[in-house]
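Everything on this sheet refers to the single structure shown next.
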Amino acid sequence: MKQAEHDQGRRRFLRLAGISVAVVPVAGAALRSAPAAADQPRLSEDDPTAQALGYVHDAADVDSDRYPRFEEGQLCSNCNLITGDKDAEWVGCGIFPGKLVNANGWCSAWVPKR
């Protein structure tokens, strides 16, 4: 390798390292400022995705004729797709990102915990 090519490679590396050092604190601040689960809106039963999946805030209200796969005891709180505090009244869900679902709710995407 020629000395000029070696110097250019070193300059590129130092430039990239400098940019990386500057970006890390900014990225960390952005992650810390992400909304907490409590700050997220609650999913409305009128939401188009919620309606498409038959979401209800209370599993006792599931239309079992429309959703014959539903079984007593299936709740958002015992679904494998929930995120966050499993004991909270309102929890995050992988199906409804950025919104909270009622722990006593249900939708047709329900998956048993493993």
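The values are calculated or read from the model by the stated rules, or taken from the named source; none is laboratory data. Please read all numbers here as calculations on a predicted model, not as lab measurements. Here Cβ is always computed from backbone atoms with ideal geometry, including for glycine, and neighbour counts include all displayed protein chains.
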Next on the checklist: For segment 84-114, give me each residue that is touching a residue at least 40 places away in the same chain (Cβ under 8 Å) and either β-branched (Val, Ile, Thr) or outside the structural domain of residue 56 (by TED's automatic domain parsing) (or both).
Outcome noted: 91, 95, 101
Next on the checklist: Return the residues of segment 45-104 that are small (Gly, Ala, Ser) and surrounded by 13 or more Cβ atoms within 10 Å (Cβ to Cβ); say none if nothing qualifies.
Outcome noted: 50, 54, 59, 77, 84, 88, 92, 103
